[in-house]
Each structure stands twice: as structure tokens, then as C-alpha cells.
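Student: Can you keep this structure in mind? I'll have questions shortly.
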Amino acid sequence: MTTPSAFTPLTKQAVADSLGISIRSVENWINDGTLPAPVKLGNRVYWHPDVYFGWLSRRLQEAPVAESEPVPSELPLVPTPAPSRREASCSDKAASRLRASTERRLARLQGTN
């Protein structure tokens, strides 16, 4: 007689840690069908390791990353600062000039000079 091997069910935290995402992202992925639905036991939810790792294996084999495609190593820790008023003003002016230039080209192509 063989004894079944013991396993440890996976929690949301364990799944989040293995994927490098937040628990909220795990919940979102469950809701949109990206992750397989866990089983509820009491007030907690768990995945059987075979179900979770089977899903992960299939997903990783579906779409290999192209060699030329850069893979971000980390997100920046400091948010990008908002542009200053002067920078915003310069970009508004550049956008206005580009818009006017495009309208002139369009008028010329349509022959409505």
C-alpha cells in the first residue's frame, strides 16, 4: 500500500510571492479568469499545488519572450515628477505648432489654400 504524498495548499500570499505581484493583483486575475479559481475552505481560499503549477507551466510555455524584447528588471522606486509649468508651457507650444503645421499640410493636400 502506498501512502499519498503530503502537499501544502497555496494561499493568495504564496501565489502572489511566486508571481512577484500583489495580493490585489491575484484577486483581479482570479476575477478576470487569468488565474484558475481557488477552493474556499472556511474563510480562506487555497490552490492545490498541482492545479496552480500546472496552470503556471502552461502559461509560461504559451508565449515565450522574444530575445529582442527587453524585460524590465524592476520598476522605478521613485515616481516621475510632474513637469514644471515652464516645461508644460513648452510642450503646449510645441503641440500647437505641430497642430498648425499638420493643418497647413492637410489644406495644401486638399487644395484649399
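The values are calculated or read from the model by the stated rules, or taken from the named source; none is laboratory data. Note that this is a predicted model, so its numbers are computed, not measured. Because the Cβ atoms are built from the backbone with ideal geometry, glycine has one as well, and the counts that use them run over all protein chains shown. Heavy atoms of the whole protein, side chains included, go into the accessibility calculation; ligands, DNA and RNA do not. Shrake-Rupley method; radii C 1.70, N 1.55, O 1.52, S 1.80 Å.
Student: Using only the Cα atoms of the range 22-61, build the gyration tensor, take square roots of its eigenvalues as a ≥ b ≥ c, and label the shape rounded, prolate or oblate: rounded if a/c is under 1.5, else prolate if a/b is larger than b/c, else oblate. Don't skip to the end; give the middle numbers.
Tutor: On the way: a/c = 2.36, a/b = 1.31, b/c = 1.81.
Oblate, since a/c reaches 1.5 and b/c is not below a/b.
Student: Sorted by average packing, counted as other Cβ atoms within 10 angstrom per residue and highest first, what order do 35-41, 55-61 take?
Tutor: Values: 35-41: 13.9, 55-61: 11.0.
Answer by packing, highest mean first, reads 35-41, 55-61.
Student: Just the number please: accessible area per residue for the range 1-50, 1.4 Å probe, all protein chains included, in Å².
Tutor: Numbers: 3620 Å² over 50 residues.
For the range 1-50, the per-residue accessible area is 72 Å².
Student: Any chance you could run the full-extension gain for Gln110 through Glu62? It's 0.36 nm times the residue separation minus the Cα-Cα distance, nm to one decimal.
Tutor: Numbers: separation 48, 0.36 × 48 = 17.28 nm, distance 4.80 nm.
Fully extending the segment from Gln110 to Glu62 adds 12.5 nm.
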